[in-house]
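Enquirer: To start, I am sharing the structure in question, which I have written as C-alpha cells.
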Amino acid sequence: MKFTAKQIAEMAGGVVEGNENAEVWKLCKIEEGEPGGLSFLANPKYTNYIYDTHSSVVLVRSDFEAEHPVAATLVRVGDPYLAFAGLLKAYNELQLNKQGIDAQAYITPSATLGEKCYVGAFAFIGENVKIGNNVKIYPQVYVGDNCVIGDNTTLFAGVRVYCNNVIGSRCILHAGAVIGADGFGFAPTADGSYQKIDQIGNVVIEDDVEIGANTCVDRATMGSTVLHKGVKLDNLCQIAHNVVVGQNTAMASQSGIAGSGKVGQNCIIAGQVGIVGHIEVGDRVIIGAQSGVTHSMPSDITIVGSPAMDATKQRKNLVLARNLDKLEKRVRQLERQLEEQSKKEE
Amino acid sequence: MKFTAKQIAEMAGGVVEGNENAEVWKLCKIEEGEPGGLSFLANPKYTNYIYDTHSSVVLVRSDFEAEHPVAATLVRVGDPYLAFAGLLKAYNELQLNKQGIDAQAYITPSATLGEKCYVGAFAFIGENVKIGNNVKIYPQVYVGDNCVIGDNTTLFAGVRVYCNNVIGSRCILHAGAVIGADGFGFAPTADGSYQKIDQIGNVVIEDDVEIGANTCVDRATMGSTVLHKGVKLDNLCQIAHNVVVGQNTAMASQSGIAGSGKVGQNCIIAGQVGIVGHIEVGDRVIIGAQSGVTHSMPSDITIVGSPAMDATKQRKNLVLARNLDKLEKRVRQLERQLEEQSKKEE
Amino acid sequence: MKFTAKQIAEMAGGVVEGNENAEVWKLCKIEEGEPGGLSFLANPKYTNYIYDTHSSVVLVRSDFEAEHPVAATLVRVGDPYLAFAGLLKAYNELQLNKQGIDAQAYITPSATLGEKCYVGAFAFIGENVKIGNNVKIYPQVYVGDNCVIGDNTTLFAGVRVYCNNVIGSRCILHAGAVIGADGFGFAPTADGSYQKIDQIGNVVIEDDVEIGANTCVDRATMGSTVLHKGVKLDNLCQIAHNVVVGQNTAMASQSGIAGSGKVGQNCIIAGQVGIVGHIEVGDRVIIGAQSGVTHSMPSDITIVGSPAMDATKQRKNLVLARNLDKLEKRVRQLERQLEEQSKKEE
C-alpha cells in the first residue's frame, strides 16, 4: 500500500510543502528515515534530524521554520504526533480490515452473525452462538455453543472459546487465548486419587477488554469468572475459575490469579506475579514484578516481593538482604569485642 | 435445555413437593437464586435462604421441615449435595455429549476409530493413529502419526499431539495443550552456536490424567516422558523431556519441571513453582507457590521458598527477613552500647 | 519402519557380525534393550551390558573384543556414538519428511511457495506470503499476509504468525507458538481507562532459530522485535515488543523479557527468569532460574536471585538468609551478655 504526500495531507488535514507526489509505504522514526518512509517531527530536540533524514515525507508543526534546506517533502499539521498516531491507526485498520465469510468456515445454522463480519477459513462457530456487527473471527478460531460476542470485537487466529461464554464489544483476543476451559477443581478421595468437580459456570468478558496471546481464562465452577470493562491482560497469563478482575486493571505477561481471587479496579500488575486464591486486592494497587501476593491487600498501595509487602518497607529489607554478609560481619565484630572484654575481665 | 421439577426428581431419585411442572434451565447457589434456577440446601446454616430464594426448584433432605412457607418447588432426596453434584455431572455430560465424525475432519485411511467417537471439523488424525471408544476430538485438534488414544478420552479444541505419543483412557486435554514437542536439547559447538539433539522419544500419558489449557509436555530425547495415572496439570504448565510425574500428583498453573526431573506420587505442587532438572522429589511432597526446588527432596515434607526448604524453618526465616530492619536496628544498638562502654573505659 | 542389521551397517558405514537379517524398529539404551531394538556401546563402563542385552543389534567399536558370547548382532563402526546419533537423525528426518500441498490447505493466489514444500490440511497462507524451498507447514498453521519464510524452516501444527513478519532459514517453530501478536502498549487516559497504542512494527526471526511450544514473540510498536541467528527459546516464553535477543542466546521455559529489553549474544537464561523492560544485558551472561533482572548487566557475569545480582555474592547471602534464625540467635546472645554486664556494673 502506497500513499502520496498529497493523500497523507488530506488524511491528516495538513498542507504539503515540496513534492506532493512523493510516495511512502512505511513508517520510520525520523532518525532512522529511509526512502519511502513517513516520519514526524514533534520534539524540538530531534529538529536536527530533519535536514539529514532519508524519509520521503515528514509531518511537521504548521509553524516549523527550516534553518537549512530539507530534502523530504513536508506536511504541515497542527500536532504532528497526534496526526502521525491517527495515520498509524488508520493504516492498521486498513490492514486488518478483513471482511466476508469464508466458504471454508464452519458455521452452524443456529448461529447468528451481525453485519460486516469477517469469519476466516477453518473457523468454527457452534450452536446458538450470537455474534454482533463488525466482528472479526480470524481463521482457525473456535467458538463453542451458546457463546455471545459483542460488536466490533476481534478474535485472532486460533482463539478458543468454550461453550456458554460471553464476550463484550470492542474486545481484542489474541492468537491462542483460551476462554472457558475447566477450572482446576478436584476433590481428593480416600485412595489418594482425585474426583473431578464438574465446572459448569462460564466466563463473562465485558467491553473493551484485551487478552494476550496464549492467555487462559478458566470458566467458573458455578457462576462466572468476570473480567470487567477495560481489563488488559498480556500474553501467557492465567485467570483461574471464579476470579473477578475490576475495571481497567492491567496485568503484564506470565502473571496469574488463583481460584476465586478478586482484584479491584485500575490496578497495575507487573510480569510474573502470582496472586493466591480466595483473597481480595483493593483498587489502584500496584504490584511489582515476580511478587507473590499471599493475603488480601487494601486499596492505593504499592507492594513488591514474595511474599508481597509494602514496597517502601520491602525495598529497605531488600537492601539489607543484599548485604546480609555485612550485617553478619558486624555481628561477628561485636562478638569478638565482647569476647575480648570478657578476657580482659578475667 | 429445560427440565421440569418432575424430571429432576426422576433423575435424582427424589419426591416433588409443589409444582411438578416448574421449569429450570440453570444452576444457582440458593442465596443467589433466580427464576428458572435449580439450587440445593445441604448445609443447615443456609436454611434461612430457602424462604426467600428466587430459584424455581430446590433439592432438600427428605426430612427437611419448613418453618415458613416456601415459594420454590422442593425435591426431597437422601443427600441434596450428592444429588446436585450428580445432576451437575449429568448436565455437563449432556452438554458435552458430541458425537459423529464431521465431514470436514481429516482422517487418514490408516487411522482407526472406536465406537461412538466425535471428531469435529478441521481436526486432523494422522497415519496409523489408534483411537478407542467414545473418544471426543474437538474441532481443530491435531493428532500426529502413530498416536494411541484410550477410551473415553476428550481432546478439546486445538489440542496438538505430535507423532508417536500414547494417551490413556478417561483423560481430558484442554484447548491448546501441546503433547510431544521436542525437548529443549542442544549441544554447544566450538563457534558458540548450538547443534540440535534430535528428540526421538515420546510422551506416555496414563489413564485419568487431566492437562490444562496451553500446557506443554515435551517428548523424551530417547525413551518416554511419563505422566502416571491420575496426574492433574493446570493451565500453562511445562513438563520437559524425560520427566516422570508419579500417580495422582497435582500441579497448579504456570509451574514447570525441567529435563529429567522426577516427582513422586500424590504430591501437591502450587502455582508458579519451578523444579530444576535431574533431581528427584519424593512422594506426598507439598510445594508452596513460587518455590524453586533446586535439589532432591525426601517424601512426606512440605517445602516453600526459592531455593525451597522445609516450610517450618523457611517461614521462620521469612518472618525474620520481613523484619530485617529490626534486626539491623538491634545490631546498631549493640554497637552503640559497646562504643559507649569503650568510651567510658578510656 | 524396520531395518535389517545389513541396512544399518550400510547406513553407518560399518561391518556386520552375526545375523545380518536381524531386524530393528526402535532405539534402546543398551541396559534397557528389547527385541527389535538398536543400541550402541561407546562407554567401556557399559561393556558388561552387551552380554545380557535383549537388543537385536548393537553398534560397537571396530576394535571391540567380546570376552563372552554375545547374542545380539554386532555392527562394527569407527565411533559407535556418532554412528548412532547419525542414524537417529536420519530416522527422525525420515519420520518428519512430509511433502506436498494438501487439498484442504488454504493458500491465497498471491502467495508463493518454493520447491518440495509441505502444507498440511487446514493451514492458512495469507496474501503475498513468500515461502522458500523445503519448508514444512503442518496442519492448522496460520501465516498472515506479507510474511516471508526462509528455506528448510518447519512450522509445526497450530503455529500462528501474524501479518508482516519475517522468519529465516532452518528455523523450527513448535506447536502453538504465536509470532507477532500486538505488543502490550496502552496509554492511560484521564478517566482511568486505557487507549490502545497501535502496534504496527513486526517480528524478524533470523536463521537457525528454534522457538518452543506456546511461546509468544510480540511485534514491535514500530520497527522490529528481533531474534538474531541461532537463538533458542524453550516452551511458554514471552518476548515482548521491541526486544532484541543476540545470536546464540538460549532461554529455558517460562522465562520472559519485557518491552524494549536487549539481551546480548551467547547468553544462557534458565527457566522462569524475568527481565524487566528497557534494560540491556551483555554478552555471555548466565542467569540462574527464577531470577529477576531489574537493571542492565555487563558481559561475562553469572547472576542469580530476584533482584538478580552477582552469583558469588548472592549465594553467600542466600546461605545467610537460609540461616537467619542463627544470626538472630547470635544477636540475642549478644544482647543478653551486654545486659548482664550492665547489671553487674550496677
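Here, each number is a calculation from the coordinates, and none is a lab measurement. Keep in mind it's a predicted model, so treat the numbers as computed, not measured. Cβ atoms come from the backbone with ideal geometry, glycine included; neighbour counts cover every protein chain shown.
Enquirer: Which of rounded, prolate, oblate describes chain A, given a ≥ b ≥ c as roots of the alpha-carbon gyration tensor eigenvalues and a/c under 1.5 marking rounded, otherwise prolate only if a/b is larger than b/c?
Expert: Details: a/c = 3.22, a/b = 1.21, b/c = 2.67.
It is oblate, given that a/c is not under 1.5 and a/b is not larger than b/c.
Enquirer: Using DSSP, restrict attention to beta bridges with both residues in the protein assembly as shown and report what percent are antiparallel, rounded to the nearest 5. Don't skip to the end; give the middle numbers.
Expert: Values: 30 of 231 bridges.
Roughly 15 percent of the DSSP beta bridges within the protein assembly as shown come out antiparallel.
Enquirer: Which distances in nm, rounded to one decimal and ordered from shortest, link the label point of A:H68 to the equivalent label points in the other identical copies, with labels set 7 Å from Cα toward Cβ?
Expert: So the label point of A:H68 gives 8.6, 8.6 nm to the other copies.
Enquirer: Would you mind telling me which residue in A:E31, A:E335, A:E280 has the biggest mean-square fluctuation in a Gaussian network model of chain A, where springs connect alpha carbons within a distance under 10 angstrom?
Expert: Checking each option, the largest mean-square fluctuation is seen for A:E335.
Enquirer: Next up: Show that you can apply the helix-only estimate: for chain B, add -39,500 (n - 2.57) for every DSSP H stretch of four or more residues, divide by all residues, and state [θ] at 222 nm to the nearest 500.
Expert: The helix contribution divided over chain B gives -5500 deg cm²/dmol.
Enquirer: Whole Å is fine, so just give me how far the alpha carbon centre of segment C:100-174 lies from that of segment C:272-303.
Expert: 34 Å
Enquirer: What is the set of long-range amide H partners of A:I101 at a cut-off below 5 Å, with H atoms built 1.01 Å from backbone N?
Expert: Under 5 Å from the amide H of A:I101: A:V119.
Enquirer: At B:N323, label 7 Å along Cα→Cβ: distances to the other copies, nm, ascending?
Expert: 2.2, 2.2
Enquirer: Averaged over A:195-202, how many beta carbons belonging to a partner chain fall within 10 Å of each residue's beta carbon?
Expert: Details: counts 1, 7, 3, 11, 2, 8, 1, 0.
Mean partner-chain Cβ count within 10 Å for A:195-202: 4.
Enquirer: Mind giving me the nanometre distance, one decimal, between the label points for A:D300 and C:K326, set 7 Å out from Cα along Cα→Cβ?
Expert: So the two model labels end up 4.6 nm from each other.
Enquirer: A further question follows. Under 27 Å Cα-Cα from B:K2, which lysines qualify once same-chain neighbours fewer than 8 residues away are excluded?
Expert: Qualifying lysines at Cα under 27 Å: A:K130, A:K196, B:K26, B:K29, B:K89, B:K98, B:K116, B:K136.
Enquirer: Looking at the square roots a ≥ b ≥ c of the eigenvalues of the Cα gyration tensor of segment C:259-306, which shape do they give, rounded for a/c under 1.5, prolate if a/b is larger than b/c, or oblate?
Expert: Because a/c hits 1.5 or more and a/b fails to exceed b/c, segment C:259-306 counts as oblate.
Enquirer: Starting from the Cα of A:K313, draw a straight line to each of the lysines and keep only those under 17 Å, dropping any in the same chain fewer than 8 residues away.
Expert: By straight Cα distance, A:K313 reaches B:K326, B:K329.
Enquirer: Ok, one more. List the distances, in nm to one decimal, from the label point of B:P298 to the label points of the same position in every other copy, shortest first, placing each label point 7 Å from Cα along the Cα-to-Cβ direction.
Expert: Label-point separations across copies, in nm and ascending: 4.5, 4.5.
Enquirer: Between segment B:189-233 and segment C:1-72, what is the separation of their alpha carbon centroids in Å?
Expert: 27 Å
Enquirer: Which whole-Hz ³J(HN,Hα) couplings does segment A:271-281 yield from phi under the Karplus relation 6.51 cos²θ - 1.76 cosθ + 1.60, θ = phi - 60°, glycine and proline marked x?
Expert: x, 6, 7, x, 10, 5, x, 6, 10, 10, 9
Enquirer: Can you tell me the length gained on complete extension of the stretch A:I286 to A:K45, counting 0.36 nm per residue apart and subtracting the Cα distance?
Expert: 83.5 nm
Enquirer: Now for a different question. Gaussian network model of chain C, Cα springs within a sub-10 Å range: biggest mean-square fluctuation belongs to which of C:K26, C:K262, C:K232?
Expert: In this elastic network of chain C, the residue with the biggest mean-square fluctuation among C:K26, C:K262, C:K232 is C:K26.
Enquirer: Within segment A:319-346, what residues put their amide N at less than 16 Å from the label point 7 Å along the Cα-to-Cβ vector of B:S342?
Expert: Inside the label zone: A:329-345.
Enquirer: Oh, and also: In nm, to one decimal, how far is the C:E335 label point from the B:H68 one, both placed 7 Å along Cα→Cβ?
Expert: For C:E335 paired with B:H68, the spin-label model returns 5.7 nm.
Enquirer: Let me ask something else. Quick one: which residues, 5 or more positions from B:N128 or on another chain, have an amide H under 5 Å from its amide H? H modelled 1.01 Å from N in the peptide plane, none for Pro or chain starts.
Expert: It is B:S110, B:A111, B:N146, by chain and number.
Enquirer: Rounded, prolate or oblate: which fits the protein assembly as shown, taking a ≥ b ≥ c as square roots of the Cα gyration tensor eigenvalues, rounded meaning a/c under 1.5, else prolate when a/b beats b/c?
Expert: Verdict is rounded for the protein assembly as shown.
Enquirer: I've got another one for you. Which one of C:F122, C:F184, C:F40 has the biggest mean-square fluctuation once chain C is modelled by GNM with Cα springs under 10 Å?
Expert: Largest GNM mean-square fluctuation: C:F40.
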